[in-house]
Amino acid sequence: MATIESPMAGKVLEINVNVGDTIAEDDEIIVLEAMKMENPIFATDGGVVKEIKVKDGQQIAEGEVILVLE
Amino acid sequence: MDFLLSMWQSMSFDNLYWGHIVMWLIAFLFMYLAIAKGYEPLLLLPIAFGMLLTNLPSDIMQPGQGLLWRFYHYGEEWAVIPPLIFLGIGAMTDFGPVIANPKTLILGAGAQGGVYVTFFGALLLDFNIRQAAVIGIIGGADGPTTIFLASKLAPEMMGICAVAAYSYMALVPVIQPPVMRLLTTESQRKIRMKSLRKVSKLEKIFFPIITVIIITLVVPDAAALMGMFCLGNLMRESGVVERLSQTAQNELMNIVTIFLGISVGATMPAELFLTPAVIGVFILGTVAFAGATACGLGLAHLMNLFLKEKINPLIGAAGVSAVPMAARVCHKVGQEADKRNYLLMHAMGPNVAGVIGTAVAAGMFISVLK
């Protein structure tokens, strides 16, 4: 079981994956807002999304888990 | 007949000349850019309106009596407004990335190299030494600091240099990327940086206090800007005066921006603005800004020769003080090379250090040239 962690701090603007989706490495998974800039965050790993750990509008820290993959 | 004649004489059509009309057109262009294109509208709109007003024949900039003259005199000539803006910028700034990675302070200082290069360039082009200093500081891409320095050294240059500085702040995404691509290789742009450590509240509280003590002792003439900047930052980080911090960032900032914009615009009457020197200022301003970017990149390369943990040289370009535009540009250029490279927060370190760097550079000019 792999996890994808946030590479930077920011506020979750968009979540572009659903539980059950199959994603590949480098797919855009969420968009984070930091410094008034929208930052797409890309998957560091591929797999089937088992759990999404963040919510829309949530402030997340660097290193926080975004997705759990199967 | 006499009545009509005296009516005509009381009007100001007679005092119009072609220069005024040219300035109106420039003011209209600025208004268009602000309203239709959204270029820095908070500043450009009042600046454009100030330009228009000052180029209508009236006494509005008459020393001792005109309204805009009073705004200008008490706000800028007395150098009150730029430090108040710094209070707000201080309250908006998070020094976390600098504290987590103090090496970035060096990059914030390094980018000021462009300021000094341009200073000498302007001297060669026959500007006097005080004017050259004000033109050089445009390289920091810091509007308030440019206005502050102009008020101390070359008030006649204030309007044009302020417009140039704010233009370059808006042009960060245009001017910086080509310089950045030119001075780095693809593999250097791909360097990923290790995550920043967590910074404690206590460190954030001590940072502005220690900074203001050190900088004021070393460069006393930067005290007005840095004093206000550090106070604003302490208000933010202490967490006990949320109301003051919010006021400094929002209401106060907005209020002084109105007075700053309109009176900076008013310092550009046609007689002063429509001279060849103005073109020189804009060209040298570009040199200053591109030069500052190059100096930051160069210094980052130099640091990498000694560092075990390499930094991405792109963050050196964020050493100019256009916050957070320069950091965003680093992030974007970095992602062009590797889309999973997230440089934004790493670039914020040199970027906020650049604000301090430009204010210190201005203070140094004042101490030497006043």
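What follows draws every value from the coordinates through simple rules; no lab data is involved. Just so we're clear, the structure is a prediction, and the values are computed from it rather than from any experiment. For neighbour counting, all protein chains shown are included, and Cβ atoms are generated from backbone atoms with ideal geometry for every residue, glycine included.
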If the Cβ limit is 9 Å and pairs must be 6+ apart or interchain, which residue in region B:103-124 that is part of a helix (DSSP H, G or I) pairs with which residue that is of a type in the set (Phe, Trp, Tyr)?
-> B:GLY114/B:PHE289; B:VAL115/B:PHE365; B:THR118/B:PHE289; B:PHE119/B:PHE365
For residues that are assigned to a strand (DSSP E or B) and more than 11 Å from the chain's Cα centre (by Cα), scanning just region A:12-29, find the one that is nearest to the other protein chains (Cβ to nearest Cβ).
-> A:ILE23
Considering only region A:30-59, state which residues are away from chain B (no Cβ under 13 Å) and at negative phi.
-> A:GLY46, A:VAL48, A:VAL49, A:LYS50, A:GLU51, A:ILE52, A:LYS53, A:VAL54, A:LYS55, A:ASP56, A:GLN58, A:GLN59
Might you let me know whether region A:61-69 holds any residue that is surrounded by 13 or more Cβ atoms within 10 Å (Cβ to Cβ), part of a loop (DSSP other than H, G, I, E, B) and away from every other protein chain (no Cβ under 11 Å)?
-> yes
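Here's the yes/no breakdown for (1) more than 24 Å from B:LYS194 (Cα to Cα); (2) touching a residue at least 40 places away in the same chain (Cβ under 8 Å); (3) aliphatic (A, V, I, L, M):
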{"position": "A:PRO7", "(1), (2), (3)": "no, yes, no"}
{"position": "A:VAL19", "(1), (2), (3)": "yes, no, yes"}
{"position": "A:MET37", "(1), (2), (3)": "no, no, yes"}
{"position": "A:VAL54", "(1), (2), (3)": "no, yes, yes"}
Please list, ordered by first then second residue, the pairs with beta carbon atoms under 6 Å, 6 or more apart or interchain, first in region B:141-161 and surrounded by fewer than 24 Cβ atoms within 10 Å (Cβ to Cβ), second among the acidic types (Asp, Glu).
-> B:SER151/B:GLU76; B:SER151/B:GLU77
Qualifying residue in region B:68-86 (condition: crowded, with 19+ Cβ neighbours inside 10 Å, within 16 Å of B:VAL323 (Cβ to Cβ) and acidic (Asp, Glu)) | no
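Just to check your reading of the model, which residue among B:GLY363, B:GLY354 is touching a residue at least 12 places away in the same chain (Cβ under 8 Å), under 20 Å from B:PHE148 (Cβ atoms) and in contact with a Gly (Cβ under 8 Å, 6 or more places away or on another chain)?
B:GLY354
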